[in-house]
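Working notes, beginning with the structure itself.
The values are calculated or read from the model by the stated rules, or taken from the named source; none is laboratory data. Remember, predicted model here, so these are calculated numbers, not experimental data. Methodologically, a virtual Cβ is constructed for each residue, glycine included, from the backbone with ideal geometry; neighbour enumeration extends over all protein chains shown.
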Amino acid sequence: PQPEQQILSSKLECVQSVKDGVLAEAKCTESNLVTLFSQKGSGAKTQTQSSLKLFQVETETLYEKVDSKDLYVTSMLYEREETEREVTGGEVTELVWKLCLAHSATFEAADLFMTLVFELRHLSLEALKVLWQRSSFKCRDNWQPLVDALPSCATEACVVLMKEIIASGEAEEDKVEYFFWSLSFIPKPTSGMIESLAPLLNSPGARQSCFLGITALLHRFCSAYSPCDGVPAVQTVTRTLGTFLRGNCTVQDSEQLSEMQLVLKAIGNAGLAAASLAPVLSSCASLGSNPMEIRLAAIQAFRRIPCSAR
């Protein structure tokens, strides 16, 4: 057998200079010889030289200690300084036009959209309605900036306007879904929001996102303003949900079964706001003729209702 041929031969030599215990200079030479196709020790050779030299030594920088009194805990939510100037509908209309002209995937468009959201919060319902009449157009890429911005606005005026847009059928399906799911993120819900949205529960073909979004908003409202069972808007939603239960959650077919499961899930979402429905929920859970799915859903609907309220 032939002896093994060494394909790669490498060599590294370094010379270091140390002064007062500190590396002052280092010079290294690295050589590599590739002899894959060579028969007499010749081949491709590379040589690399590197040099490292110490120029200066700096003393350690001592940073000033921060007083713990100057530190505070806050959330990671985006904060923006509130403007003190008065925002007009004309300015916001112009902003929507600028958004339409800007390319959607740019920092400029993102900044304009964020500005639009925050400026919408300063407009009254009347001003928003005028703005909608002027700016409900679609951009060249079929985008409606105002419809996208309203759910993020999170004021009562924005919620009421968006509800009217939905009721009139002017919003596309995906925008309606997005709006309902955004309701659970509204930081400071009001009874006016709930009062405005409540009729949508009775609208033909009310979707899952409608029931769950409105009841999530209801739960957040009651978590902040307790007790809330005396608020007329809360009572309206609770009565509407109770009507769907039909006394003991009886269903006749698979379609009614799905609808009843949705209503029970929405009641569970509402939590303490739906505490008055506890007796009906108990009937739904204990009625032996009800499908097992309904009985379990009725039990799960108690998940946010404290025992003291049942």
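A count restricted to region 296-310 and to residues that are farther than 18 Å from residue 220 by Cα and either in contact (Cβ under 8 Å) with a residue 12 or more places away in the chain or outside the structural domain of residue 241 (by TED's automatic domain parsing) (or both) stands at 5. Among the residues making up region 168-205, a single one is surrounded by fewer than 15 Cβ atoms within 10 Å (Cβ to Cβ), within 20 Å of residue 242 (Cβ to Cβ) and hydroxyl-bearing (Ser, Thr, Tyr): 203. Filtering region 249-292 down to residues that are touching a residue at least 40 places away in the same chain (Cβ under 8 Å) and β-branched (Val, Ile, Thr), which residue is nearest to residue 308 (Cα to Cα)? Applying the filter and picking the extreme gives 267. Screening residue 103 with (1) modelled with pLDDT of 85 or more; (2) surrounded by fewer than 15 Cβ atoms within 10 Å (Cβ to Cβ) gives one miss only, at (1).
Quick check: anything in region 210-224 over 26 Å from the mean Cα position of the chain (by Cα) and at pLDDT below 95? Within region 210-224 (the criterion being over 26 Å from the mean Cα position of the chain (by Cα) and at pLDDT below 95), the answer is no, since none of the residues qualifies. Of the helices (runs of 4 or more DSSP H) entirely within region 138-194, those holding at least 2 residues that are farther than 23 Å from residue 97 by Cα and not assigned by TED's automatic domain parsing to the domain that holds residue 119 occupy 173-182. When region 241-275 is filtered for residues that are more than 28 Å from the chain's Cα centre (by Cα), part of a helix (DSSP H, G or I) and surrounded by 16 or more Cβ atoms within 10 Å (Cβ to Cβ), the ones remaining, listed by number, are 242, 244, 245, 257, 260, 275. Given the structure, is residue 163 among the basic types (Lys, Arg) and in contact with a Leu (Cβ under 8 Å, 6 or more places away or on another chain)? In short, yes. A Cβ distance below 7 Å, combined with a sequence gap of six or more or placement on separate chains, defines the contacts here; from region 139-165, residues that are among the aromatic types (Phe, Trp, Tyr) reach residues that are surrounded by fewer than 19 Cβ atoms within 10 Å (Cβ to Cβ) in the pairs 143/104. Are any of the residues in region 220-232 part of a helix (DSSP H, G or I) and of a type in the set (Val, Ile, Thr)? No, region 220-232 contains no residue that is part of a helix (DSSP H, G or I) and of a type in the set (Val, Ile, Thr). For residue 233, the stated conditions do not hold, so it cannot be described as aliphatic (A, V, I, L, M), surrounded by fewer than 17 Cβ atoms within 10 Å (Cβ to Cβ) and touching a residue at least 24 places away in the same chain (Cβ under 8 Å). Assessment of region 206-214 against the conditions (surrounded by 21 or more Cβ atoms within 10 Å (Cβ to Cβ) and closer than 15 Å to residue 272 by Cα) yields at least one matching residue. Taking residue 137, is it aromatic (Phe, Trp, Tyr) and over 28 Å from residue 213 (Cα atoms)? No.
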